[in-house]
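These notes are about the structure you will find just below.
The values are calculated or read from the model by the stated rules, or taken from the named source; none is laboratory data. Here the structure is a predicted model, which means the values were calculated and not measured. Here the Cβ positions follow ideal geometry from the backbone for every residue, glycine too, while neighbour counts run over all protein chains shown. Note: accessible area is taken over every heavy atom of the protein model, side chains too, but ligands, DNA and RNA are not part of it. Shrake-Rupley method; radii C 1.70, N 1.55, O 1.52, S 1.80 Å.
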Amino acid sequence: MTNNSGFTRRTPDIMTEELCAILSQKVSYEFKPLYDLVYANLYARNAASGGDEMLRLRAYDKLQNLVHDGMVTKTAKKYRGKPASLRIVSSRLEEWRVAANKRAAALAAG
């Protein structure tokens, strides 16, 4: 039996968008200042929910995934993004955001 509820959690990842935007600059960050910037940006977008510690863990996990995928380099305790790779991720996230908005509009319409 299949479940046709239409529910999906595949929404654009705002945390990764913010990490990509910040790390696309040619600056190295330690995790604490990087997280502070991400948190400020999420708070400005009214997307900082789930508690500070949970957001910190999610940010660290997303950052480690970017390091593992080779889009961010880690030297000692500093993280530095590779702008070309991060632009690809950002464009893909933007495509997903447009698709999610279209799905939401279609569901709302009918």
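Give the range of the longest stretch in the chain that excludes all trypsin sites (Lys or Arg not before Pro) found in loop regions by DSSP and having at most 16 other beta-carbon atoms within 10 Å. Before the final figure, lay out the partial values.
Values: sites that count: 9, 10, 26, 45, 77.
Longest gap between qualifying sites, sites excluded: 78-110.
Compute the distance from the alpha-carbon center of segment 45-65 to that of segment 66-102, in whole Å.
Using only Cα atoms, the two centres lie 16 Å from each other.
Keeping all protein chains in place, calculate the accessible area per residue for the chain (probe 1.4 angstrom), answer in Å².
Numbers: 7710 Å² over 110 residues.
Heavy-atom SASA per residue in the chain reads 70 Å².
Could you work out the relative contact order of the chain, using alpha carbon pairs under 8 angstrom and six or more residues apart, expressed as a whole percent?
Working: 91 pairs, mean separation 42.7, N = 110.
After rounding, I find 39 percent.
Helix-only estimate, please: 222 nm mean residue ellipticity of the chain, summing -39500 (n - 2.57) across DSSP H runs of length 4 or more and dividing by its residues, to the nearest 500. Before the final figure, lay out each step's value.
Working: 4 runs with 68 residues, N = 110.
The helix-only estimate for the chain comes to -20500 deg cm²/dmol at 222 nm.
Taking the Cα-to-Cβ direction at residue 61 and at residue 32 and moving 7 Å from each Cα, how far apart do the two end points lie in nm?
The answer from the label model is 2.4 nm.
Give me the percent of the accessible area of the chain that comes from carbon and sulfur atoms, probe 1.4 Å, all protein chains in place. Before the final figure, lay out the partial values.
Details: 4210 of 7710 Å².
That fraction is 55 percent.
Considering the chain as a Gaussian network with a 10 Å cut-off on Cα pairs, which listed residue, 76, 99, 44, attains the greatest mean-square fluctuation?
Among 76, 99, 44, the largest GNM mean-square fluctuation belongs to 76.
Just list whichever of 26/102; 26/62; 32/62; 32/102 have alpha carbons separated by over 26 Å in the model shown.
Details: 26/102 34 Å; 26/62 19 Å; 32/62 14 Å; 32/102 36 Å.
Beyond 26 Å: 26/102; 32/102.
Say each of residue 54 and residue 96 gets a label point 7 Å from the Cα, pointing the same way as Cα to Cβ; how far apart are those two points in nm?
Distance between label points: 1.9 nm.
I want to verify a result. In a Gaussian network model of the chain, Cα cutoff 10 Å, which of these has the top mean-square fluctuation: 70, 81, 50?
Most flexible of the set in this elastic network: 50.
Using only Cα atoms and rounding to the nearest 10 degrees, what angle (0 to 90) does helix 52-68 make with the longest principal axis of the chain?
In the chain, helix 52-68 runs at an angle near 80 degrees to the longest axis.
Take residue 82 and residue 108, extend 7 Å from each Cα along the Cα→Cβ direction, and tell me the distance between the two endpoints in nm.
Each label point lies 7 Å from its Cα, and together they span 3.8 nm.
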